[in-house]
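Enquirer: Before anything else, here's the structure in question.
Where a number appears in this text, it was derived from the coordinates with a stated rule and is not lab data. If you're wondering where the values come from, they're calculated on a predicted model, not measured in any experiment. Here Cβ is always computed from backbone atoms with ideal geometry, including for glycine, and neighbour counts include all displayed protein chains.
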Amino acid sequence: MLRLKKRADFVAAAKGRRQHLRNFVLQAREREASGDDESARVGFTVTKKVGKAVVRNRIRRRLREVARLTEASAFAPVCDYVVAARREALTASFEDLRGEFLRALKKINRAGESRPSNLPAGGRKQDK
């Protein structure tokens with residue numbers, strides 16, 4: 001699993017599928033395979049609304065560890081994931097975070113399989 005670091009990748013993932021949970025929002029987007037780079041990438045974001053830098057960094061560290069401990073098979077290959085943390089992630093137990101993350105990955109990966117690729121995000125064809 002690799003990390004997302006460029007703003008353009010975060011913005012692109014925000015336009016993909018979303019899974020809203022109590023402790024965070026998981027966003028996912030399939031990307032073009034570019035040669036040997038076919039592994040999943042994960043990025044983390046915590047807004048200033050959540051708290052001061054110490055709080056934001058602690059939440060980010062907890063979520064990074066959750067993603068690190070998650071098996072690679074749970075992530076879809078050639079997919080970018082963004083975890084947008086909420087304030088509740090600070091006080092949630094680590095096991096709750098892990099379970100929520102796994103459920104979100106399963107749901108978001110399953111949702112991506114069922115949607116036809118030729119339709120826009122709304123699920124209907126648009127007039128041009």
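Enquirer: Obtain the nm distance between the two label points defined at LEU90 and ARG22 by a simple spin-label model: each point lies 7 Å from its Cα along the Cα-to-C-beta direction.
Expert: Between LEU90 and ARG22, the simple spin-label model gives 1.8 nm.
Enquirer: Counting other Cβ atoms within 10 Å, which trypsin sites (Lys or Arg not before Pro) in segment 20-94 have at most 12 and lie in a DSSP loop?
Expert: Hits after loop and neighbour filter: ARG22, LYS48, LYS49, LYS52.
Enquirer: In addition: When the Karplus curve 6.51 cos²θ - 1.76 cosθ + 1.60 is applied with θ = phi - 60°, which whole-Hz ³J(HN,Hα) does each residue of segment 16-25 get, with x for Gly and Pro?
Expert: Those phi angles translate into x, 6, 10, 10, 8, 10, 5, 9, 6, 10 Hz.
Enquirer: Quick one: which residues, 5 or more positions from CYS79 or on another chain, have an amide H under 5 Å from its amide H? H modelled 1.01 Å from N in the peptide plane, none for Pro or chain starts.
Expert: The answer is ARG31, ALA40, ARG41.
Enquirer: Okay, moving on. Counting only C-alpha contacts under 8 Å and six or more residues apart, can you give the relative contact order of segment 1-83 as a whole percent?
Expert: Over segment 1-83, the number comes to 43 percent.
Enquirer: Once every DSSP H run of n ≥ 4 in the chain is given -39500 (n - 2.57) and the sum is divided by its residues, what mean residue ellipticity at 222 nm do you get, rounded to the nearest 500 deg cm²/dmol?
Expert: After summing the helix terms and dividing by the residues of the chain, the value is -12000 deg cm²/dmol.
Enquirer: Can you pull out the GluC sites (Glu not before Pro) in segment 38-95 whose DSSP state is coil and whose Cβ has at most 10 other Cβ atoms within 10 Å?
Expert: Here the sparse-neighbourhood loop sites are GLU71.
Enquirer: Under a point spin-label approximation (7 Å from Cα along Cα-to-Cβ), what is the ARG7-VAL78 distance to one decimal in nm?
Expert: About 2.9 nm, to one decimal.
Enquirer: If you take the Cα atoms of the chain, find Rg, then find the Kirkwood Rh from the mean of 1/r over all pairs, what is Rg/Rh?
Expert: Radius of gyration relative to Kirkwood radius: 0.98.
Enquirer: In addition: Please get the size of the charge dipole for the chain, origin at its Cα centre, with Cβ charges of +1 on Lys and Arg and -1 on Asp and Glu, quoted in debye to the nearest 20.
Expert: Approximately 780 debye in magnitude.
Enquirer: Below 27 Å Cα-Cα, how many Lys pairs turn up in segment 2-110? Only count pairs eight or more apart in sequence, or on different chains, if you could.
Expert: 16
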